[in-house]
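Reading through the structure tokens given below for one structure.
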């Protein structure tokens, strides 16, 4: 029997700060609730694990961004025509072009360089007693890795941080979005022109060759691919390291276990991914035709938002889901999505997280919050769940405690 909507949730400041409580309530009242996004758009928010996993793999829920994106967004096809916004066969064609760069072998080959970048950042941090962990470590580590992989000058990374923060936020003005999106597109166009004149052994040059020699990438597809790889290539890891460190600091018993037994580290990264959910919600989907999810009718054309963090805190899937347990059996978590849009960079993010947490534990005998937990601010985004900063006090392992 088709259910009638009983819940309409307006997503705003409460949701940015604590999406988990909102998801828990909605999961009980209606796991396929109607919500109003910060910009006023109506959507269906799926918060149950079984429903989310099924929706992420449902061919009736498609992308086709031109069918529903706002006029503001339609002016920026150069950053919207990427894999996450496309359906097969275009999605499959684009994914094949970059999948070879993220094989297990190629990612493992990056380990020494990631370890070296981590060590350099920790060297600088070791000279200080208080730092913003996000600015000093969690951001520069993954952005340096992805910049080097793409062939983007690392010196420009602060521009990418500002642009990325604006583009994924829900509370920016149309003017700010336009300014930063235009700046990013212009930067990419300039970089493409440089790489066409002077190709190098990097991913951008390889993508250019794929377009110019085989005509498999349109110009906008090429620009969008760069946008996705650059933004997606660092956002997840930034939030994993920052929010994961906070979770450990707020759960000192689990932090002590990890310090004592580093064999827990691999599982700890998976549990932190499940627990902190660096990506709060999957990108929008559109109902191609009318369908039912968990007995709730969704009309053709409705926007569907699948909550990865809601699914990962579903008590029907994980016992005591709001408890951090580094030895938990946490297989099947949806932190990287599911189905054809499963995160291509998941192996890289896992490796960066493992190296980062190991480095922090090895280098510092003590990490403590430098501000009260309630003073921390969360980014105003329904897509990402991440802190704006994380001030911490440091005691190097070689120093007396």
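The values are calculated or read from the model by the stated rules, or taken from the named source; none is laboratory data. Computed from a predicted structure; not experimentally measured. All Cβ positions, even for glycine, are placed from backbone atoms using ideal geometry, and neighbour counts span all protein chains on display.
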Test: residue 122 is over 20 Å from the mean Cα position of the chain (by Cα), in a helix (DSSP H, G or I) and buried (at least 20 other Cβ atoms within 10 Å of the Cβ) = yes
note = Restricting segment 172-194 to residues that are surrounded by fewer than 14 Cβ atoms within 10 Å (Cβ to Cβ) and within 21 Å of residue 387 (Cα to Cα), the one modelled with the highest pLDDT turns out to be 176
ask   = In this structure, is residue 53 under 15 Å from residue 283 (Cα atoms), touching a residue at least 24 places away in the same chain (Cβ under 8 Å) and surrounded by 22 or more Cβ atoms within 10 Å (Cβ to Cβ)?
value = no
task = Could you tell me whether any residue of segment 317-327 is crowded, with 19+ Cβ neighbours inside 10 Å and modelled with pLDDT under 95?
result = no
message = When you check residue 97 against the structure, is it touching a helix residue (DSSP H, G or I) at 6+ places or on another chain (Cβ under 7 Å) and over 29 Å from residue 244 (Cβ atoms), yes or no?
response = yes
request  = Determine if segment 39-48 includes at least one residue that is modelled with pLDDT under 95, touching a helix residue (DSSP H, G or I) at 6+ places or on another chain (Cβ under 9 Å), farther than 15 Å from residue 293 by Cα and not in a strand (DSSP E or B).
outcome  = no
ask   = Within segment 127-140, which residues are farther than 21 Å from residue 278 by Cβ and either without any contact (Cβ under 8 Å) to a residue 40 or more places away in the chain or touching a helix residue (DSSP H, G or I) at 6+ places or on another chain (Cβ under 6 Å) (or both)?
value = 127
inquiry  = Just the residues that are under 23 Å from residue 335 (Cβ atoms), touching a strand residue (DSSP E or B) at 6+ places or on another chain (Cβ under 8 Å) and either modelled with pLDDT under 95 or surrounded by 15 or more Cβ atoms within 10 Å (Cβ to Cβ) (or both), please, taken from segment 368-387.
reply    = 376, 378, 379, 382, 383, 384, 385, 386, 387
query = Considering segment 146-159 alone, what residues qualify as being in contact with a helix residue (DSSP H, G or I) (Cβ under 6 Å, 6 or more places away or on another chain) and in a helix (DSSP H, G or I)?
reply = 146, 147, 149, 150, 154, 157
query = Of all residues in segment 362-376, which are closer than 16 Å to residue 134 by Cα, part of a helix (DSSP H, G or I) and touching a residue at least 40 places away in the same chain (Cβ under 8 Å)?
reply = 373
inquiry  = Of the residues 205, 224, 218, only one is crowded, with 24+ Cβ neighbours inside 10 Å and under 21 Å from residue 186 (Cα atoms); which?
reply    = 224
note = Inside segment 19-38, the number of residues satisfying the requirement of being part of a loop (DSSP other than H, G, I, E, B) and at pLDDT 95 or above is 0
inquiry  = Name the residue that is nearest to the chain's Cα centre (by Cα), counting only residues in segment 169-191 that are part of a helix (DSSP H, G or I) and farther than 27 Å from residue 206 by Cα.
reply    = 177
query = residue 334 passes all but one of (1) within 14 Å of the chain's Cα centre (by Cα); (2) more than 14 Å from residue 47 (Cβ to Cβ); which number fails?
reply = (2)
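Residue-by-condition table, conditions (1) surrounded by fewer than 18 Cβ atoms within 10 Å (Cβ to Cβ); (2) free of Cβ contacts under 8 Å to residues at least 12 places away in the same chain:
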| site | (1), (2) |
| --- | --- |
| 230 | no, no |
| 234 | no, no |
| 258 | no, no |
| 261 | yes, yes |
| 266 | yes, no |
request  = Quick one: residue 90 ticks every box in (1) under 21 Å from the mean Cα position of the chain (by Cα); (2) surrounded by 13 or more Cβ atoms within 10 Å (Cβ to Cβ) except a single one, so which number is it?
outcome  = (1)
message = Can you tell me which residue is nearest to the chain's Cα centre (by Cα) among those in segment 388-397 that are surrounded by 20 or more Cβ atoms within 10 Å (Cβ to Cβ) and part of a strand (DSSP E or B)?
response = 392
